[in-house]
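Read through the structure below, which is laid out as C-alpha cells, and then see the notes.
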Amino acid sequence: MLDRAATETQITHRQRLWLYVLGGAILVFLALPSLLVIPLSFSDTRFLQFPPPAYSTRWYEAYFGSREWRQATWVSFAAAIVTTGVSTILGTLAAYALHSMYGRAARIIYACFMLPLIVPAILVAIGMFLFYAQLGLNNTMTGIVLAHSVMATPLVVITVASGLKSYDMNQEMVARSLGASRPWAFLTVTLPQIKLPVITAALLAFITSLDEVTISLFVAGGDYATMTKRMFNALRDEIDPTIAAISTLLIVFSVALLAANQLASAPRRR
Amino acid sequence: MTAATSPAPNEAALRAAGRRESLTLGALAAPGLALIGIVALAPIAWLFWLSVRKGDAYTLEHYVRLLHPNYMLSLQTTFELSVLVTVICVLLGYPLAYLIAQARERTASILLLFVLFPVWTSLLVRCYAWLVLLQRRGLINTWLTDIGLIDAPLRLVHNFTGTTIGMVHIMLPFMVLPLYATMRAIPRDYLRAAANLGATPSQAFRDVYVPLSMPGLAAGIIIVFILCLGFYVTPALLGGGRVMMWSMQIERHVTYHADWGAASALGVVLLAMALAIFWAVGRVIGFDRILGGR
C-alpha cells in the first residue's frame, strides 16, 4: 500500500509520508483551537484548566440569564435575517443583470460591487460612522442592516454569478419566446435551476452579518449593540468563561449552517 | 446586425430594443449599486475630502504629519506582520492545497471541510480560542510546564508572536482555497508527459506543476496580503496594544481624539496601498482570477 505510486511521476506514498504528516498537522492547526473551547465552556471554574476539574452549565446559565447578552443576541440574529433578505435579493438581481450584460459597462459595475471586499473594513467602518452621524443612524437596526448588507451583497453577487455560468440562458429565452414575460421566465425557469448557489449565497450573507465585527464596533451600540461588539469588548477587557459558552453555541450554529450547505449541494456532485 | 450592408427595415427597432434591454438590466443592478455607493463609497469619498481640509482651507498637513516616526513605525509593523503572515500562509497553504488537490474526490471534500470549518466559525471565537491557548496561564504554557519543558511561562500572546499565530490561522483558508481551485484544474497528463520525457519527479514538479499553479498562488498571496494590511480585530485582541497596526491608528484617532483629518489621511494611505497592490497584481494575473467572479 505504502509503496504504491501516489503521483503521476511515480513518487510512492512512503516517500511522501512527510507531506501527509505536515498536511495533517496543518488541518489540526486549522480545526482544533476552536473545538478546544467546547469543553472549557462546561467548566466549573472561572480559571483556565484543561481538562476542567468539574463540569457544570453555569456559564450557559450566566449567558441566558443576562439581559445584555440576550438583547445583543436578538439584535445580531434580527440583523442577520434582514441582511440575508436584502443582500440575497439585491445581489441575485445584480448577478443576473451582469450575467446578461456584455462589455465594459458590465466589468465596471462588477468591479464596483467588489469594492467593499477590497477596501479595508476599518475604512468602511469609519466612513459609515461619520455618514450615519449626520443621519442619526448610529446605534439603530436600520444602520446595522444597511452596513451588513453592503458587506454581504458582494459575496452574493460572486456566488450567484458563478452559479449562472453553468446555466444555459437559452432555456429562459425559450420560455420568453413561448410568451412568458421576462420576470416570470426568470422566476419559473432560471431561479429554480440556480437555487443551490442562491441558497449558498444566502447562508454566506447570514454568517457574514452574524460575524461582522469591525463595522459593528463603530455603528452598533447602546440597546443595539451586536453580539460581536459585546464579545469584542469582553475579550479586550476581561475574559470571562461566559464567552466560551457563547463561542460553543456559535460553533454549533456555524457547523449546522455549513452542514446544511454541504447537504444542499451534495446531490449535485453525484 | 452590423454585417448588413444596407440598413435593414427593422434596424432602428432592433437598436431601440437593445437599448431598452440594457436599461432594464441596468435597473436590476441599480439597487445593489446604490446601496454600496451611498452607504460605503460616498462616505469614503467624504473621508478623502476631509483628509485635505483644515477649517475652510485645503491643506496637506494631515499627510505631512504621517511622516512622524510613530506612524512610520506603525507602517513598518503593518508591513512586517503582513509579509510574515503571507509567507507563513504560502509555506503551510501550498503543501496542504497540493495534498487536497491530489486526493480522491471523496477524501478531498472531507479535507476541504477542515479548511471551510474555520471560515464559517466566528472570527471572535477563533481569537478567543487563541487567547485561551496562548495566554500566560493558558493551555500551551500549562502543558509545557507540566511536561517539564519550560520553567517559566512563555510570552506567547499580547505581542507580535501571538498576533502572527492568530492571523495565520485566520488567513490560511484564503490561501488554500484559490490554490486548491487552480491545482485541481491542472491536467495530470502534463506530469505524466513530463515523466515520460525523462524529468525526475522534482523536475516535473518544479518545471511543470509549480508554474501552472502560479495564478492560484498569486491570487492567494494578494488576498491574504491585502486583508492583513487593513486587519483590525485580531491584532487589537491578540496584540494587546503592543502591536500598533495602521488600522489601529485609524481607530484610535476616531475614538479617542475624534481627529477626522488624521484618521482620514491614514485611511486614504491604507486604501491607496491596498488598491495599488491589487491593481499591480491584477494587471499581471487578471482581476477575474483574484475575485473568482466572471
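The values are calculated or read from the model by the stated rules, or taken from the named source; none is laboratory data. What you see is a predicted model; the values in this text were computed from it and never measured. In this analysis, Cβ positions are derived from the backbone assuming ideal geometry, glycine residues included, and neighbour counts consider all displayed protein chains. Remember, those area values only see protein heavy atoms, side chains included, never the ligands or the DNA or RNA. Shrake-Rupley method; radii C 1.70, N 1.55, O 1.52, S 1.80 Å.
For this structure, a couple of remarks:
- Whether a residue is touching a residue at least 24 places away in the same chain (Cβ under 8 Å), open to solvent by less than 10 Å² (accessible area, probe 1.4 Å), more than 24 Å from B:A262 (Cα to Cα) and in contact with a Gly (Cβ under 7 Å, 6 or more places away or on another chain) was assessed, and A:V156 passes this test.
- For the condition away from chain B (no Cβ under 12 Å), open to solvent by 50 Å² or more (accessible area, probe 1.4 Å) and β-branched (V, I, T), A:V174 qualifies.
- Test for A:M231: is it open to solvent by less than 30 Å² (accessible area, probe 1.4 Å) and either touching an Asp or Glu at 6+ places or on another chain (Cβ under 7 Å) or not in a helix (DSSP H, G or I) (or both): no
- For the stretch A:141-152, the count of residues that are more than 10 Å from chain B (Cβ to nearest Cβ), surrounded by fewer than 19 Cβ atoms within 10 Å (Cβ to Cβ) and within 30 Å of B:V254 (Cβ to Cβ) is nonzero.
Let's see how each residue does on (1) modelled with pLDDT under 95; (2) open to solvent by 10 Å² or more (accessible area, probe 1.4 Å):
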position: A:T190; (1), (2): yes, no
position: A:T208; (1), (2): yes, yes
position: A:S216; (1), (2): no, no
position: A:D237; (1), (2): yes, yes
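- Residues (more than 25 Å from A:S41 (Cβ to Cβ), open to solvent by 60 Å² or more (accessible area, probe 1.4 Å) and not in a helix (DSSP H, G or I)) located in the stretch B:127-181: B:I147, B:L149, B:D151, B:A152, B:L154, B:R155
- Qualifying residue in the stretch A:91-104 (condition: among the β-branched types (V, I, T) and under 16 Å from B:L271 (Cβ atoms)): no
- Any hit, the stretch B:83-92, residues being at the interface with another protein chain (Cβ under 7 Å from one of its Cβ atoms), under 26 Å from the mean Cα position of the chain (by Cα) and either crowded, with 21+ Cβ neighbours inside 10 Å or under 30 Å from A:E8 (Cα atoms) (or both): yes
- Matching residues, the stretch A:177-188, being in contact (Cβ under 8 Å) with a residue 12 or more places away in the chain and exposed (fewer than 13 other Cβ atoms within 10 Å of the Cβ): A:T188
- Subset of the stretch A:1-21 that is of a type in the set (A, V, I, L, M) and in contact with a Leu (Cβ under 8 Å, 6 or more places away or on another chain) - its residue that is farthest from the other protein chains (Cβ to nearest Cβ): A:L2
- The one condition in (1) within 13 Å of chain B (Cβ to nearest Cβ); (2) touching a residue at least 24 places away in the same chain (Cβ under 8 Å); (3) of a type outside the set (S, T, N, Q); (4) surrounded by fewer than 19 Cβ atoms within 10 Å (Cβ to Cβ) that A:I108 fails to fulfil: (2)
- Scanning the stretch B:54-78 for residues that are at negative phi, loosely packed, with under 10 Cβ neighbours inside 10 Å and of a type in the set (G, A, S) returns a single hit, B:A57.
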